[in-house]
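Every number here is computed from the coordinates shown, using simple stated rules; none is lab data. This is a predicted model, so every value here is computed, not measured. Here the Cβ positions follow ideal geometry from the backbone for every residue, glycine too, while neighbour counts run over all protein chains shown.
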Amino acid sequence: MPNIIALDFETANERRDSACAVGLAWIADGAVVRRESRLIRPPELRFSPGNIRVHGIVPADVRTQPLFPEVMAEFLPDLAGGLVLAHNAGFDMGVLRASLQAHGLRPPAFSYLCTLQIARRVFPAEEGCGLGKVAARLGIRFEHHDAGEDAYACAEIALAAMRQTGAPDILGLSRAIRLPVTVVPEGPDRAPRPRAFADRPRAESASLRFAVKGRRGDRYDVVLEDRATGLRLRCTCMAGRYGTRCRHVAALLDGDITDLLSGNHDDVERLRLRMVAGA
Ligand SMILES: [Zn+2]
């Protein structure tokens, strides 16, 4: 039998490559035998209010967390050649694919089954088969919208479906309910180019300028100045005018664009690259 792993991602915003948390639950011998969850620092620290409402993760939670490749390095060998379960798998498979691609990583070969489809066949109900609904009907206790907990509930739904149909294992369940696994071939040998902001043409001499929203909603401007003494970021807020490093400058250097009003997200990455190069 292949590794059988339930997988769940949470994302920071509408982009599929903005994973900010991952949860995994391993199934063996008819039971969940291992559970893991990790926070992920997405490529840009832009969190949509709607996404925060769902999972409660905010930029400060992931600012110092490792990026997707570092987090997933621990788990990709298990996923490779494995059978992955996900509830509404189209979403989680999309996140996995987009994130691997964004970081120039080669997607492993694996197959997957959607537990939403499984639940619709085995545990249909008027109220629908959302993860929370099915779990409640089956008496699975979990903390909805925590990636680790969601992966666990997903695994338990598959196990309950196995028991319900008398299937000996997940592949047997797939046959019993005529829901074939989807096979994902290994990605191309040459991984597509990562979404690297630094690759884009940039005017080195052009000064970078950002508009940011202050704590009380007022607008400040942060400007990068190229001085004889080196690069310097100047902010128009009170602290900035006194020459101290304010939270607006600190946020930009952190890649935190939550309060960025000017919309030039790419410039934030350029700024960070230039500051690193100049340091
Ligand atoms: Zn400031």
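See the values below:
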quantity	calculated
For peptides 145-155, 230-240, sequence by mean Cβ density within 10 Å, most packed first	145-155, 230-240
Leading residue at positive end of dipole, the chain (Cβ point charges), from Gly23, Ser174, Leu159	Gly23
0 to 90° range, to nearest 10: angle between helix 265-278 axis and the chain longest Cα axis	60 degrees
Average Cα contact separation per residue, segment 4-184, under 8 Å, 6 or more apart, as relative contact order %	25 percent
Principal-axis tilt of helix 89-102 within the chain, Cα atoms, nearest 10 degrees	40 degrees
Local electrostatic count, Leu76, Cβ distance below 15 Å [Lys/Arg +1, Asp/Glu -1]	-3
Helix-only CD estimate at 222 nm, as mean residue ellipticity for the chain, using -39500 (n - 2.57) per DSSP H run (n ≥ 4)	-10000 deg cm²/dmol
Segment 35-72-segment 242-279 distance, computed between alpha-carbon centres (Å)	19 Å
